[in-house]
Structures are given as structure tokens and as C-alpha cells.
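The structure appears below as C-alpha cells.
Only the coordinates and a few stated rules stand behind these numbers; no lab work does. Note that this is a predicted model, so its numbers are computed, not measured. A quick note on method: Cβ atoms are made from the backbone with ideal geometry, for glycine too, and the neighbour counts reach across all protein chains shown.
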Amino acid sequence: MGEMNLEPETQFNALTDLEQCSWLKSIGVVFLAAFLVFSGLIFLADGLCSTDRAPSDEELIAQRFEGLRDNPGELRAFFLAMPKGGDIHNHLTGAIYAEDLIDEASAQNLCINLDNYTVSPKYCGSANSEPIKNSYSDSKLYGQIVDAWSMRDDELLDESKRDHFFNTFGVFGGATSNTSAILANLRSNAFRENVSYLEIMTGAGSAAANLGSKTGWDDNFSVLYSKLIDNGLPSVSQSLSNYIIDTERNSLSILENRDDPGKNVTVRYIVSATRTLSREKVFGQLAAAFDAANKSGLAVGVTLLSPEDNYIARENYSLQMKMVEFLHSVYPRVNIALHAGELTLGLVPTTDLRFHIKEAVEIGQASRIGHGVDIMWEQNSDQVLKEMARNGVAIEIMPVSNKIILGVSGEDHPFPVYFKRGVPIVLASDDAGVLRTDLSEQFVIIASDYPQINYQDFKKFVRNSIEYSFLQGRSIWLSKGDYTILIPECASCRPGSKQINAKCKALLDGSDKAAMQWKLEGDLAAFEKGYAKGKQEMEFNSLSLSYPRAPQPPHILIIPG
Ligand SMILES: [Zn+2]
């Protein structure tokens, strides 16, 4: 703010002089004053950092954006080029396309059961199965596998879309063991879509579930948790943490070896428990997820997933929220994002539509809600929405997923309600591979369906994707979700500028979140500048080669428990 004070004061002195001097003299004074103001600004720019005022590029791009609104093709190109920050709700094995999984399965010499297209090494040599490699020269078979492993051609299904969606994971599951290769693929795709950050969900696994069943049940969570520790929770969570570290490291070396720029995409992990399992298993998975996230700098949060309309998921919903609440008290630093309200009228009894989001926020302590589609059926939905807005609980909006799995879209979708009530919004892709979509498509759909959402709103959603991410460290913004005032350390710098002062540099060096936000600001400014100049296409992620580090992946720190 220093330079803002300098100018009026100098002008005031100049005016005082003007009253006392001759006309000619006063012109000289005016020039002198102008010179002083100008040099003062130059001095500040040199002494601190770049002080460029926000150009009108943003207004210009916002105007042009309205001209694209009715053309999905133009919107697609626009959003593909726009830096989108992070995709913070996506599932490791659901995000990869079937074609890439077929390559994985072929590389592992797996075979496919021709009755149900399940893939496994055990089918090799058995009746009615073939090496999956054969599909490369059998286009009919290849197409059938892609259809069976995804929502492609879903109009031809002889089962419900929901069932087909959830069943695919079991059918292609045998091809997903090489998680590093899958992650490398996702990073590469993200980079090419101008996405710099992925927060990926990966399962707590069967060892944690088995630990839960071996331990049994106790209504007293403290007692149950102690028993889990005695039965080996620390070693189960350590294996989970090691698996995440290995997946991260190996995916980076795959990308490094093929010189793929996807290596620049930062990844953090959310460890998930499966809500359709028995209460003992869910508690075991949640405990392992919390413990692993508490230990690792890579695992930054936990979640609960799987169909919310499942019998066990419905019956144990409140119990599971209490489990999360208890584990939150044990591990208060671990972030929580919960799938909640991924339901719609007719899918479950109406009683199940009344409380899931509220409990996820109030009992499950969720900082982010995934989907929240049934919000308007919640008891006191207005209060829940107010609470989310007031406490900055973000809603993850995934229009393609909701359209395909729940049949909810357009004016039936609660997106405009969340928007109007000021709930922080992030757009995410969920299971881009199975759903045959990508992050850009979510933006296109929102732009097409809701004309009240303008360019600045989309820019806010993009910024939200980092602000409400679980990246560690302080934000560059003074108050959460308000992108007008930088924190004091960086306040004299242009956001995203490569020239920064020492205090701001220290902040960016010490905070993954701040570093990613600074990069995003630089990327957005470069995108807007390029677009304002009439460049219709931006080179992929060529945008600003950000000042600081993009938080570099080898952030594989282990925080002592
Ligand atoms: Zn999800």
C-alpha cells in the first residue's frame, strides 16, 4: 500500500506550491511533481517487485467469452486452453481411459473372459477367454472391451447406467495393479489439459479392511482404536504410505524416462474407505487412512466412497460419520472430504435424502462435499447451505458424473443453488476414464447450462480448486476464497509475477499451496494476455513458467507421527 499513499501526498504539496507561484513557475512545479511521483513509483518497483496494475485483459476476455457461450466447440477450445488449477476430486482407477487400461493389461500379458470382459491372469488358458493382446487385431473385441470397461455406448446397455458404472471397476480391476503407470498417464493428460494439480483418491485397501474384521467391533471407539493399534494398525498404515510413495516416485520416473511434461503436474493423495463394507472393515480402513495421511506429506486427506444408496451405506451412514468424527479428534491435522448426497429422489427412500450432507458437514467435519446433489431434499437445506457458505465448506461439482450416474442435469441440478448461496464451488471430473470425459468438459457444461455464470466466476472456480485443496501451507490470499487482497508478505507484488521480494519468496518457498497459487496466477495472467491479443490457442501449459517452483513432487517427506 506504500505507493498508494505517496501519490496524493505529493499532489497536495504541488497544489500548495501552485497557489504561491507564477503560472510559468507552476508548470515547472507540476512537471517536477510528476517527475517525483514517477520516480517514486520506479523506485518502489525496483525496491520491492513488479507493481503492474491489473490490465483490462480480464474484462476483454470476459466479453469475448460471452460470444462463445452458444457454441460448445468454441467453449471446448476456450476451456481446454484456460489454466484450470487443480482437479481435486478424481479417482485413480476411474480416471484412466479403457484404451490405456487395455495397454496396461497387454503389457502384463493378462487374459480376458469373453463372457463378461473381466480381465485377469487366471483366465489365460481357460475356456472362452483370450489374451487381451489379441484385441489389437480384433476390432470387434476391442470395442466390446472398451464398452464393458466404460460408459461408452451406454445407450446399448442391458443394465442400468448406474449399475454398469459401478460394475466396471470390478471388471477392469485386474488391469489396475500398476498404479504408477496409471498415474503417469493421468499426469500426462492433466498437463495437456492445462491442469497443474491433481488430488487423487486411492483406496485404503484390503489389508486395512482385514485388520478391521480381525479386530472385531466395539461400540467404544477409543477401545476399538486401541485394539486396532495392538493388532497392527501402524504397520498397515505404513504399508499404505509406502505404496503411495512408490506410486508417486515410479510414476515420475516413467514420465522422466519418456521426457513427458506430465512430470510437472503436482499430485497429492486422498485415502478412501469403502462405505459399503461392514462397520468393522470401514473403521479399519478409516483408521489406516487417517494414520497414513497423518504420516505422509503426500497423502493429504481421507474420504468415504462407493454407492451411497447401498444397503450397508444407508444403514451405517450416521455410524460412519461418527467414526470419522472420532478419528478426526485423534488426527486433527488430517483433512476430510466426503462424498455426500450423491442421491436423488426415487433412488432411495426419502428419509435417506434428509440428512447426509448435514451430517457430513457437522459430524464428519468435512471441509469439502463431493456431489451434494440431493441438497434441496435435506431437512433445513437452507441452514445447511448457510453453514457451508459461512464455514467455507466447498462443494465439488461434477456435472458429467451426475448426468450419467444419477440422470441429474441442467435445471434439475443444484449447482445454481450452491452458487447463489455463496457456497465455494470447485469443478471436478470424478471418474474421467469410465465416464469418457475430462475436466474441461465440466466447464463447458456449466457454461452452456447456466448463462448467469460468467468468465470471472469460472476464474473463481479455478482459484477455488487450489484455495480449497489440501495442499499444505498458507494461502497467498488474505481471507479464504476472496481473491482481491494478497497476504501482507506479497501485497506489493503482482500475483504470479516472477519478480518478488524476499518476504514473499520465503512464503512461497515454505508453502506448497502458496507456490501453486502463485503459479496459477501467472498462468491465468499469461492466458488472458494471450487471449486479449487475439491468440485463440495457447500452447499447452506453456503459460508462465512460474516464478517459484511449482511444488515439486519429491516432497516425499514423512512427518513423524
Ligand atoms: Zn467421486
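Summary of values
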item: Residues LYS519, LYS529, sorted so that the one with the fewest Cβ neighbours within 10 Å comes first; result: LYS529, LYS519
item: Exposure proxy ranking, count of Cβ atoms within 10 Å, fewest first, for HIS339, HIS413; result: HIS413, HIS339
item: Check: the chain dipole with +1 on Lys, Arg Cβ and -1 on Asp, Glu Cβ, in debye; result: 1200
item: Pairwise centroid distance, computed over Cα atoms, of region 140-179 with region 66-80, Å; result: 30
item: Loop-located chymotrypsin sites (Phe, Trp or Tyr not before Pro) in region 306-412, at most 11 other Cβ atoms within 10 Å (DSSP); result: none
item: ³J(HN,Hα) computed for each position of region 186-203 - Karplus, 6.51 cos²θ - 1.76 cosθ + 1.60, integer Hz, glycine/proline x; result: 5, 4, 4, 5, 4, 4, 6, 10, 6, 10, 9, 9, 10, 10, 10, 8, 9, x
item: Cleavage-rule hits, trypsin sites (Lys or Arg not before Pro), region 189-276, DSSP coil, Cβ neighbours within 10 Å at most 13; result: ARG258
item: Relative contact order of the chain, defined on C-alpha pairs under 8 angstrom at six or more residues apart (%); result: 18
item: Ascending count of other beta-carbon atoms within 10 Å, so fewest first, for SER135, SER253, SER120; result: SER253, SER120, SER135
item: Given the chain, longest segment not containing exposed loop GluC sites (Glu not before Pro) (DSSP; at most 11 other Cβ within 10 Å); result: 160-536
item: Integer Hz, Karplus 6.51/-1.76/1.60 couplings in order for region 406-417, x for Gly and Pro; result: 10, x, 10, 7, x, 6, 7, 8, x, 3, x, 5
item: Under 14 Å from LYS480, Cα to Cα: aspartates and glutamates that are on another chain or at least 8 residues apart; result: GLU467
item: Helical contribution to [θ] at 222 nm, DSSP H n ≥ 4, -39,500 (n - 2.57), averaged over the chain, rounded to 500; result: -15500 deg cm²/dmol
item: For LEU304, residues with placed amide H under 5 Å, excluding near neighbours; result: ALA273, HIS339
item: Under the Karplus curve 6.51 cos²θ - 1.76 cosθ + 1.60, θ = phi - 60°, whole-Hz ³J(HN,Hα) for region 267-272, x wherever Gly or Pro sits; result: 10, 10, 10, 10, 8, 10
item: Over 30 Å between alpha carbons, listed pairs LYS84/LYS386; LYS420/LYS533; LYS358/LYS403; LYS122/LYS281; LYS140/LYS161; result: LYS420/LYS533
